[in-house]
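Worksheet: one structure, shown below.
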Amino acid sequence: QSPSPPDYIARLNPEQRAAVEALDGPLLVLAGAGTGKTRVLTTRFAHLLMTGRAKPWEVLSVTFTNKASREMRERVSAILGRPVEGLWLGTFHALCARMLRRHAALVGLQTNFTILDADDQLRLLKQVMEAARIDAKRWPPQGTMGVIQRWKDRGLTPERVTAAEDTDWAGGAARGLYRDYQRRLVELNAADFGDLLLHVTEILRTHPDVLAEYHRGFRYILVDEYQDTNLVQYLWLRLLAQSHKNICCVGDDDQSIYSWRGAEIENILRFEKDFAGAKIVRLESNYRSTAPILAAASGLIAHNTGRLGKTLRSGLANAEGERVHVVSLWDSEEEARMVGSRIEEARRNGTSLAEIAVLVRAGFQTRAFEERMIALGIPYRVVGGAKFYERAEIRDAMAYLRVLNQPADDLAFERIVNTPKRGLGDTAMRAMQAIAREQRLPLSSAAQIMVEGSDTLRGKARSALTELMHGFARWRAALDSEGHVVVAATLLDESGYTDMWKQDRSPEAPGRLENLKELLRAMAEFQTLAGFLDHVALVMDNDADPDAARVSLMTLHAAKGLEFDMVFLPGWEEGLFPSQRSLDEGGEKALEEERRLAYVGITRARRVAVISHAANRRIYANWTNSIPSRFIDELPEDHIQRAGAAAQERARMINAPSVFAGGGLMARRPRVIEPGAWEVKERPSAGGFTAGERVFHQKFGYGRILRVDDDKLDIAFEKSGEKRLLDRFVEKA
Ligand code: ATP
Ligand code: MG
């Protein structure tokens, strides 16, 4: 034992040091947020190299994101004082892709196999289902994909899916479809994302020689964010660690937030069972957050049952600090203003923008804060996703709105003419462009000519274009009387655009639909369509100095493992956070996962945490009132500081039965209704329609009126489901 340890070890507390120095044998570090788990892992890596126990390529390290991998590489290099090369460091998927390329032949693939994206996967599965004559209407391919992915998450190849594991999806055909789908993938020399882990695990299971080679190669294994591994990832780790058992996993059961992607918290319990004699180290000092922040987070998570349980105290020399702020605001706009001005104030007081984050529950929520940052000239970035107005579905919707406003906008017209697909492919477009060129007209005028006179276009394409052009005429005519928000909602529905995403079962689709709703809310903040379009054009054009420090905007999920001096946690309202989906599911389980997410959020903050909620939020052009999140009530009162109660009081008074009845679209009429529902009234519409009446619509066919709201009707169509339409587009049947 050297009397003075190297300073990278001297910087650790005794428990951390024990976790770093116990290099051999299985080790589980189970500890709360900010206790230095990631630091222990990084230091352990450096220590393995410094002591000569392992060469850089003999350590296999798994992180949850690519960003975390980069950081680990940098920190290890910093400790070693030189760059490190040849590491097996990455996410599960990245590491498995690399391994699979080496052994592709063992599962019938070639080294240069393609990794399919979600679209390609689905297209392939559709073909497989068609060939098997499975009714895709009854059993949507997306559902089948879900079943297959869950099997893959659990390490089940088609052969391993026993009758007991089978489901009655597709009338019991799912297992066969899975087998056919895997065969087709091999024929195409392709693998989907789930295959990366599945194939490698299968190879390790069935080829002892390959496994032995990796056992010789990887002498040490390091795993961060262990609580979010799924079963196949666990099996993969167990196989690789089997012989030397030098595996160190760090995690926190209170931060398990990916059960929806198959993560299994039970893997923590399995570890102790499978690796008999595993050392368990608990770290109890938090070095990230001030005492009040820590106390607030601990008080909140204490409401979860079934925790492994742990102590967490502050390890900071000076842990004093501001209490967690809980700010009640009148409405969502005031909330965005509050966040903006507090960021400006912090900046004036010397906080770097890189040390500030705004963490939201759902992606669409970044919009309001982005606009505020732009208005104030605060550089920002959206981590783990695109900026709001750069998201594909928003660009599509904006293109529709641009054509609505300005028919000669060719770029916009080109973008939407065949989105969603309506049979206006290359041939139709070439014909349209030819007319436009010859007659020096914008594309939309050329389209009009094709619809009215020329016979260049026939059949389905012709009727699709006719319908689109009639649609635009109708929507444009309605702008003055109905207002741009209602027309935009109608347009997105009637053009089939919203439906395109409703029918899409990819995991991103619900988020895209939420973004579209958010777009309508954004429009409602402007008096005219043109005013809104100008605003967005300016917003898009505003890109500050690329090297400037930036505020980070991201979802709570994307914030795992990160830390900032100042963290804003807006939108803590029932139905938003906890999410409506978790409330609808009703179970404690879903709610506990939301609570863990709240715990992750608060524990990202070093010095300042600001939780907020608004009493009123826009639903399209109307306002609804929202209730503060139950998580706010669960925070220990001693550690929080409330502000803005006056606004709350005001909200309570005004929400007494409708003093605000009537008024135009822009009027604020707070009212208790379900989030996401439309505000409704039960009296005949302007056009004399009443609920229960049977009606006819050109595109959607026959239906019955469910609700009447002024001149807007909610109609259940017999063929096309529920829609909201203006009554002037509907006839009595
Ligand atoms: P999370 O659960 O959020 O992933 P974690 O347990 O991985 O957190 P780290 O990110 O490793 O925690 O550490 C939190 C912060 O505390 C970091 O800024 C780290 O540098 C610091 N830290 C960790 N251990 C010590 C220590 N012994 N002395 C001083 N600072 C420390
Ligand atoms: Mg960490």
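Among 124, 155, 136, whose Cα projects farthest towards the positive end of the dipole of the range 114-188, with charges put on the beta-carbon of Lys, Arg (+1) and Asp, Glu (-1)? The one lying farthest along the dipole's positive direction is 136.
Mark the label point 7 Å from the Cα of residue 179 along Cα→Cβ and return the residues of the range 105-133 whose backbone N is within less than 19 Å of it. Under 19 Å, as judged by backbone N against the label point of residue 179, lie 107-108, 125-133 of the range 105-133.
Distances between placed amide hydrogens fall under 5 Å for residue 314 paired with 286, all partners being 5 or more residues away or on another chain. Calculation over all alpha carbon pairs of the range 114-188 in 5 angstrom steps from 0 returns a P(r) of 3, 16, 31, 27, 17, 5, 0 percent. In this simple spin-label approximation, residue 452 and residue 580 carry label points 7 Å from Cα along the Cα→Cβ vector, and these lie 4.3 nm apart. Here the range 54-157 is treated as a Stokes sphere of Kirkwood radius computed over C-alpha pairs; at 10 °C and 1.306 mPa s its diffusion coefficient rounds to 94 µm²/s.
For the range 225-364, what log10 I(q)/I(0) values come out of the Debye formula at q = 0.20 1/Å, with one point per alpha carbon and no solvent? Results for the range 225-364 at q = 0.20 Å⁻¹ read -1.29. Take the Cα of residue 159, go 7 Å toward its beta carbon, and none of the backbone nitrogen atoms of the range 173-193 fall under 13 Å from that spot. Averaging the sequence gap over all C-alpha pairs within less than 8 Å and six or more residues apart, then dividing by the number of residues, gives the chain a relative contact order of 14 percent. With 5 Å bins beginning at zero, the pair-distance distribution over Cα atoms of the range 340-496 amounts to 2, 8, 15, 16, 13, 11, 9, 8, 7, 5, 3, 2, 1, 0 %. If R0 is taken as 60 Å, the Cβ-Cβ distance between residue 305 and residue 481 corresponds to a FRET efficiency of 0.60. Close amide-amide hydrogen proximity is noted between residue 424 and no other residue 5 or more places distant or on a separate chain, at a cut-off under 5 Å (H modeled in the peptide plane; Pro and chain starts excluded). Summary of packing: across the peptides 359-365, 718-724, 148-154, the per-residue average of other C-beta atoms within 10 Å ranks them, highest first, as 359-365, 148-154, 718-724.
Within a straight-line Cα-Cα reach of under 20 Å, residue 502 can be paired with the following lysines, leaving aside sequence neighbours fewer than 8 residues apart in one chain: 126, 137, 421, 517, 699, 719, 723.
FRET efficiency for the residue 406 to residue 376 pair, using the beta carbon distance and R₀ = 35 Å, is estimated at 0.75.
Each of residue 71 and residue 272 was given a label point 7 Å from its Cα along the Cα-to-Cβ line. The distance between the two points is 2.8 nm.
For the pair residue 722 and residue 548, label points projected 7 Å from Cα toward Cβ lie 4.4 nm apart.
Counting only Cα atoms, the range 490-542 measures 34, 25, 15 Å along its principal axes, largest extent leading.
Quote to one decimal, in nm, the extra length available between residue 261 and residue 94 on full extension: 0.36 nm per residue of separation minus the C-alpha distance between them. Show your work: numbers first, answer last.
Details: separation 167, 0.36 × 167 = 60.12 nm, distance 1.72 nm.
Working it through step by step, the gained length comes to 58.4 nm.
Sorted from greatest to least, the principal axis extents spanned by the alpha carbons of the chain come out as 89, 65, 51 Å.
Ordered by packing density, taken as the mean number of other Cβ atoms within 10 Å over each peptide's residues, highest first, how do 506-513, 163-170 rank? Please report the intermediate quantities before stating the final value.
Values: 506-513: 16.2, 163-170: 12.2.
Packing order, densest peptide first, comes out as 506-513, 163-170.
Overall form of the range 507-588: oblate. Here a/c, set by the Cα gyration tensor axes a ≥ b ≥ c, is 1.5 or more, and a/b is not larger than b/c. Amide H contacts of residue 360: 554, 555, 556, each under 5 Å away and 5 or more positions distant or on a separate chain (H built 1.01 Å from N in the peptide plane; Pro and chain starts excluded).
None of the figures in this text is laboratory data; all of them are computed from the coordinates on show. In this text, all values refer to a predicted model and were calculated from it rather than measured experimentally. Cβ: placed from backbone, ideal geometry, glycine included. Neighbour counts: every protein chain shown.
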